[in-house]
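All of the numbers you see were taken from the coordinates with simple rules; none came from a lab. Computed from a prediction, not measured in an experiment: that's the story for all the values here. Please note: Cβ atoms are built from the backbone with ideal geometry, for glycine as well, and neighbour counts cover all protein chains shown.
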Amino acid sequence: MKSRWLFLVVTLFLVGFFVTGLLGTSTAMTFIWPGYSILGLAGVFSIICLFRETHFRVPHFCFGAVFALLCYLLIRAADSPVAYFSREDAALLIVCFLCYSIFLTLFTEGRWRNAFLWTVVSLIGVNLILAMAQRLISPSIWLIPGYERTFTDRVGGLFNHPDHFAGFLALGIPLMLAMASFSKRGPYARTILVTLSIMSLAAIIASQSAIGMISAAVGIFTFGAISLFIIWPNLLPMVKTTLIGGFVALAVIGSTVVYVNRVGVSYHAKQQVLARDGEMALIPVWKSAAKQFLESPISGTGSRSFYFYSRYFRPAGDTGNLREAEFAHNEYLQMLGDYGIVGLVMILALLALHFGSGLRFIRAYSGFRPVNGPPVPQSDHLGLTMGAIGALTVIGTLCCFDFVMHLPLIATLAAILLAILACPDPMSTAHRKTKRNYLPGGSVLFINRATCFASGLAIAIFGVIFTQSEWQYEMARLSFQGDQRNYKHFRHLQFARRLDPKNPFVMSLSGHAHAAAVRSDMADAERVEALRKADEYFTASRVLYPQDIYSAIGHSAVLDALGRHDAAAERIAFARQWAPLYGNLMLAEAEHFLRIGDLASAEELYTSADKAPVLRDNRSIERGLQTIDDWRKMAATQNPGGTGSRTAETTIPLPDAKVKEVAVGAKAEKEDLRPKEEVKKEDAPKESP
């Protein structure tokens, strides 16, 4: 019975990991909660193993480092300025710990580990098939019906961003090559693994991802270096001399080629790696992350706080980068900024312990020569350990240029690879005598199993809730974006608020929806009630996410429409403190002064917005300046002794009808007042028209 139950747990885990691999390829939480829920169920059902007798010995230092890091990060997440962001980080952390614990304690047999390997291989195959369809049919094809990839200039498979697609394939190459070279798999399995490795390399080149190519090269080099370390003592002297000569020749040729083409290499490095082909300049983003780190060097500023600190510390000379950076595009800087020196030191210590465990296991095979055949040891555990080291090296390289550890697929895969390194061969400790313990397997194993169950229970419960809330929110966003007056989004928003009252984006969209419902032909009482509800939701959004500049723009217009001009000015001024270079905020403040009739202040801010380096809306600026000209001409006509020039110090109180029109109608005309913040994930795919 217990063996059947174990089979159920392992199967659930692999299914959950596969679903996470299909849906967890972007940072959009809308799509990932179903995968989390299945993984949580695997953790819940693992309770049957709580008192299971075993001689398996959990690696104390490795598990202790993982458990300590989890506790620290969750404590810091609980103190994060924005609960919604910290919840996303905390959920991913718990899922990673769940994957680590289940794999460490339940995947103790070779057949289960092989099943995991083929699950990863299946995901690689799905990515390659979808990438081929994107190449031959349409580059916008994505897995979820009704959604399209936003990066349609290059293939991406299941991933929205081509660099993430290339990075995933790059980490799979050393894993598959290691299993093809050192495992006990048959010729058909080896052929499949080598073929997929070659296809993955070709797909990386086709994706034109410089970061993917660099990472793939690092992974292949790591695999080659470890392989050479193992078989070197078994090689003949002549072969050793030939290999050394060949390596030196390649190094000299490569160095010469790079030196001769140093100008071109430098240019391509800047354009394709640091500038991401004009998509985003990484150096200014990294400078913002460094300034965030200085705010709280020891413990960090809180989970995902770089999202709003990136606006606050955006360099003044950053005029070419129009995209917002939700992440630091460097996981080491992100860790320093969000969790401080303590967090980075703990994770580096964790990596050192796990890599040390894996390398010690590999060293035991150094010089081992089989009785028959080539001088290559054959072991599934050895191949998986070598592949894990190569794959983690690739992930470490990707972390220098991207936010891959915030992608659920790569983060959970990294956790499982660490579990492999923590215990490369679980049965190697089975023969050791263990002292009699009241808890089967010892206290550390009991803690592992207990926390695994608790983590699974939490993720399973919250997964069901947030799957519904995120879906309702997404339906509301699509409805509002398609037609602001069809009112279908109100029903979805009502469900989303009830299921997830801590989601500031739901509250902000509710505010935008009620403000957009105001019409010029409405009765005063009805209009005021709609504006009051919008103010209520915008206020709730501000409490949950004070630094949300897009919510502030809509809220300021609503407050002006309610006649609370001082509150409107304070709301937009606070938002400008968090994004001093953003033209859309200058424009919103200019419109505030225009609504109250202060033409001089409005004109000054329109002029500033026209020179803003970030999110500048020239059409709205010209329209606002033209409005000021028209009103001054009207004033000059009514008062011949005055002046109609644009620079005149004129304050004209607007009629109530004009205040209503500007406050309510402007947000439908200007892109920045639409629920732009609702598409809040940096690499999330868009919905198709």
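A few points about this structure:
- Coupling constants for the range 545-553 follow from the phi torsions by the Karplus curve (6.51 cos²θ - 1.76 cosθ + 1.60, θ = phi - 60°), and in residue order they are 8, x, 8, 6, 6, 6, 5, 5, 4 Hz; glycine and proline get x.
- Between Thr637 and Leu228, the distance separating the two model label sites (each 7 Å from Cα on the Cα→Cβ line) works out to 8.4 nm.
- Amide H partners (placed H, <5 Å) of Thr27, local residues excluded: Asp683, Ala684
- Of the peptides 43-49, 359-365, the ranking by mean beta-carbon count within 10 Å, highest at the top, reads 43-49, 359-365.
- 15 Å reach of a label modelled at Ser366, 7 Å along Cα-to-Cβ, counting backbone N of the range 229-246: 229-235
- At R0 = 51 Å, FRET efficiency that the Cβ-Cβ distance of Arg619 and Thr191 yields, to 0.05: 0.30
- For the range 550-571 versus the range 172-186, the gap between their alpha-carbon centres in whole angstrom: 61 Å
- Residues whose amide H falls under 5 Å from that of Phe401, counting only those 5 or more places apart or on a different chain, are Glu331, with hydrogens built in the peptide plane.
- Pairs beyond 31 Å (Cα-Cα), from Lys488/Lys611; Lys184/Lys240; Lys533/Lys611; Lys291/Lys502; Lys533/Lys633: Lys488/Lys611; Lys533/Lys611; Lys533/Lys633
- Local net charge near Ser608, Cβ-Cβ under 14 Å (Lys/Arg +1, Asp/Glu -1): -3
- Pairwise label distance in nanometres, Asp630 with Ala249, each label 7 Å out on the Cα-Cβ vector: 7.8 nm
- Computed from the C-beta positions of Val345 and Val15 and an R0 of 45 Å, the FRET efficiency is 0.80 to the nearest 0.05.
- Peptides 178-185, 622-629, 551-558 ranked from most to least packed by the mean count of surrounding Cβ atoms within 10 Å: 551-558, 178-185, 622-629.
- Close amide H contacts of Tyr147 (hydrogens built in the peptide plane, cut-off under 5 Å, sequence separation of 5 or more or a different chain): Ser688.
- Virtual spin-label span in nm between Ala523 and Ile205, 7 Å along Cα→Cβ: 7.3 nm
- Dividing the Cα radius of gyration of the range 1-157 by its Kirkwood radius returns 1.03 for Rg/Rh.
- Of every Cα-Cα pair in the range 2-458, the percent that sits beyond 42 Å: 15 percent
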